[in-house]
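The values are calculated or read from the model by the stated rules, or taken from the named source; none is laboratory data. Since the structure is predicted, the reported quantities are computational estimates derived from the model, not experimental observations. Here Cβ is always computed from backbone atoms with ideal geometry, including for glycine, and neighbour counts include all displayed protein chains. To get the accessible areas, we keep the full protein, side chains included, count just its heavy atoms, and leave off ligands, DNA and RNA. Shrake-Rupley method; radii C 1.70, N 1.55, O 1.52, S 1.80 Å.
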Amino acid sequence: MSAQTRWFPAIPGSLPEIRAFVRELAGESGLNVDDARDVLLAVAEAADNAVQRAGASIVGVTWEPRDHAVLLTIEDDGVFDLGVADAVRPLGLRLLFGIADEVQVRPGKPTWPGTVVSALVRVWSRAGVPELPAPPGRPRVLLVDGDRFSGQALASFLHAEGFEVTLVTTIGEAESALETPPALAIVDLLTSHGEGTRFAAVARTFGVPVVAVSAIEPATRVADAYIPKPAHPLRVLAAVRDLLSPDP
């Protein structure tokens, strides 16, 4: 497959069209579900930055197959100047840096408009390369979320912040993961038709602190911290750090 580029109006309504474009290319490339999800998430986050922050009128997405990888380029005609007021990298880019293997950003300036974000995403399913172990010293976090897409976004964010993350989407998988207890568990209480509430209590009996996320606040205290959904990744990160490194 050769490189393909498509341009979209830089409006929120274009984001579903951008995702559909990338999803179609991922399917034609023969990527497996996990690889396609990572690629789609990477493009969605970069495109969202272009629409929300760049003040652009048009956004272009280029898909370029490489050897066991995909080079994604998202460009616009706007201005995206990371000045002192924006010293902290925007959330979308932080997620993108967690997903992609290589990222290059050329922010648009008032004197040189046009932001370009290029991200190289390796597709291990096609390379036949086994998953590499996480670097030593990373706290292992068990993430239990029945919504794999939102779970993958949060897992990528936490990985970029220095954590090893095991993502599971059912309570059965979560219970199996307790055979080697993690440092902490993040549990969507509605996973597996509400079984997440029971699992949170079980995890605590293993000495595993629990951060519960849910659209419905539990009637009883089943976790060490509770965050209502939609849960902002930075709030989850703050709760994780607080439980793993409590003040003396």
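Quick notes on this one:
- Residue pairs meeting the criteria (Cβ under 7 Å; at least 6 apart or on separate chains; first without any contact (Cβ under 8 Å) to a residue 24 or more places away in the chain, in the range 201-225; second in a helix (DSSP H, G or I) and open to solvent by 10 Å² or more (accessible area, probe 1.4 Å)): ASP224/LEU243; ALA225/ALA239; ALA225/LEU243
- Flag if THR191 is in contact with a Gly (Cβ under 6 Å, 6 or more places away or on another chain) and of a type in the set (Val, Ile, Thr): yes
Quick grid of which residues meet (1) touching a His at 6+ places or on another chain (Cβ under 6 Å); (2) at pLDDT 70 or above; (3) over 26 Å from LEU158 (Cβ atoms); (4) open to solvent by less than 80 Å² (accessible area, probe 1.4 Å):
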residue	(1), (2), (3), (4)
PRO65	no, yes, yes, yes
VAL70	no, yes, no, yes
GLU75	no, yes, yes, yes
LEU91	no, no, no, yes
LEU96	no, no, no, yes
GLN104	no, yes, no, no
PRO107	no, yes, no, yes
PRO110	no, yes, yes, no
PRO113	no, yes, yes, yes
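- Qualifying residue in the range 126-133 (condition: modelled with pLDDT of 55 or more, farther than 30 Å from ARG204 by Cβ and open to solvent by less than 80 Å² (accessible area, probe 1.4 Å)): no
- For the range 1-20, residues that are part of a loop (DSSP other than H, G, I, E, B) and open to solvent by less than 50 Å² (accessible area, probe 1.4 Å) total 1.
- VAL202 vs. criteria in contact with a strand residue (DSSP E or B) (Cβ under 8 Å, 6 or more places away or on another chain) and modelled with pLDDT of 90 or more: no
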